[in-house]
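Colleague: Quick one: structure below, then a few questions.
The values are calculated or read from the model by the stated rules, or taken from the named source; none is laboratory data. This is a predicted model, so every value here is computed, not measured. Ideal geometry is used to build each Cβ from the backbone, glycine not excepted, and the neighbour counts take in all protein chains shown. Quick note on the areas: whole protein, heavy atoms, side chains included, nothing else; ligands and nucleic acids left out. Shrake-Rupley method; radii C 1.70, N 1.55, O 1.52, S 1.80 Å.
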Amino acid sequence: MADLAHNGSFLFYVLAAVGLCSIMIGLAAFLGGKAQGRSKNKPFESGVDSVGTARLRFSAKFYLIAMFFVIFDVEALFLFAWSVSVRESGWIGFIEAATFIVLLLVGLVYLWRIGALDWAPKSQPSSSHNIEQSK
């Protein structure tokens, strides 16, 4: 009987979520603006007319930095959860948290050493330096 109640409540939750989404989409289609025109269909951002294309190419380093941010953001989340239960976890929890921090710090130092965090373009040697080397 408890299993039936559990499945029934889940079914009610799914139906309620689908129904609420359907109602919201239906109301937006019903109540939304219907006017058409050249200026209505133009992209508009913060009072400035858009110029050019929105298809920009980003460097792969941009995505690497984003992934690093997510990794260290998850670290902060784990450390916050650990700090809430620090009294219950005791010294074992402290050692585990310290190990976790050290492993991530080693990973950050590794990324720094291989240049994965360098955003600046490589500097070109000056032309006088090249002339002196060729002599």
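Colleague: Net charge near residue 79, counting Lys/Arg +1 and Asp/Glu -1 over other residues with Cβ under 14 Å of its Cβ? Provide the component values of the computation, followed by the final result.
Modeller: Values: positive: none; negative: 73, 75, 96.
It works out to a net charge of -3.
Colleague: Let me ask you something else. In whole Hz, with x marking every Gly and Pro, tabulate ³J(HN,Hα) for the range 19-32 from phi via Karplus 6.51 cos²θ - 1.76 cosθ + 1.60, θ = phi - 60°.
Modeller: Result, rounded to whole Hz: x, 5, 4, 5, 5, 5, 5, x, 5, 5, 5, 6, 8, x.
Colleague: Taking the solvent-accessible surface of protein heavy atoms with a 1.4 Å probe, what is the per residue accessible area of the range 1-111 in Å²?
Modeller: I get 91 Å² per residue for the range 1-111.
Colleague: Then there's this: Would you mind estimating how fast the range 64-119 diffuses translationally, via Stokes-Einstein at 25 °C and 0.890 mPa s with the Kirkwood radius over Cα pairs, in µm²/s? Don't skip to the end; give the middle numbers.
Modeller: Details: Rh = 12.4 Å.
So the translational diffusion coefficient is about 198 µm²/s.
Colleague: Would you please report the Å³ per residue occupied by the convex hull of the alpha carbon atoms in the range 1-116? Don't jump to the answer; show the numbers that get you there.
Modeller: Numbers: hull volume 29.5 nm³, N = 116.
Normalising the Cα hull of the range 1-116 by residue number yields 254 Å³.
Colleague: How big is the accessible area of residue 10 in square angstrom, nearest 10, if you roll a 1.4 angstrom probe over the protein chains?
Modeller: Ignoring ligands and nucleic acids, residue 10 comes out at about 130 Å².
Colleague: With each pseudo-label sitting 7 Å past Cα toward Cβ, what's the residue 57-residue 40 distance in nm, one decimal?
Modeller: 3.8
Colleague: For a quick protection proxy, order the peptides 94-105, 51-62 by their average other-Cβ count within 10 Å, most packed first.
Modeller: 94-105, 51-62
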